[in-house]
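To keep things clear, I will list the structure first and then write my remarks on it.
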Ligand code: SF4
């Protein structure tokens with residue numbers, strides 16, 4: 001069974017404490033899934049639970065899931081896929097972000113250590129950079 005960003009997120013403490021260096025548990029789950037960021041960076045998951053999570057990640061990777069995308073474009077598309085399927089208010093709550101309605105409906109949140117406005121159609125880096133480059 002697939003073990004993806006939302007599954008990882010559900011297995012995290014969901015306190016958005018930031019001790020992992022990410023802006024939220026959702027950002028951490030994304031980094032674990034998309035970049036193979038080490039689960040050990042979250043100090044609040046018990047060793048037994050972390051081992052179970054890692055086993056599920058490893059099984060998924062053997063099936064070709066969760067590897068680092070070939071480009072940032074794929075990471076953005078993966079994020080947008082989630083945003084098209086989920087309620088924005090719920091995503092904002094999960095990610096420690098804020099729902100905004102101007103200039104269009106979306107969520108302003110910290111993701112992979114940067115501030116972004118994520119709508120259902122695109123991601124805008126609020127610092128002026130492009131999340132699709134790199
Ligand atoms: S994933 Fe990061 S933000 Fe979430 S509980 Fe762990 S250390 Fe805190």
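The values are calculated or read from the model by the stated rules, or taken from the named source; none is laboratory data. Small disclaimer: the values here were computed from a predicted structure and weren't measured. Using ideal geometry, Cβ is built from the backbone for each residue, glycine included, and neighbour counts are taken over all protein chains shown.
Remarks
- The residues of the range 34-48 that are within 11 Å of the ligand (Cβ to nearest atom) and part of a helix (DSSP H, G or I), listed by number, are 39, 40, 41.
- Residue in the range 12-33 that is more than 9 Å from the ligand (Cβ to nearest atom), at pLDDT 85 or above, farther than 16 Å from residue 118 by Cα and surrounded by 20 or more Cβ atoms within 10 Å (Cβ to Cβ) present: yes
- Any hit, the range 71-78, residues being within 11 Å of the ligand (Cβ to nearest atom) and in contact (Cβ under 8 Å) with a residue 24 or more places away in the chain: no
- Count of the range 34-58 residues, restricted to those that are modelled with pLDDT under 90 and either under 27 Å from residue 98 (Cβ atoms) or assigned by TED's automatic domain parsing to the domain that holds residue 76 (or both), is 3.
- Residue 76 within 27 Å of residue 13 (Cβ to Cβ), in contact with a strand residue (DSSP E or B) (Cβ under 6 Å, 6 or more places away or on another chain) and at pLDDT 80 or above: no
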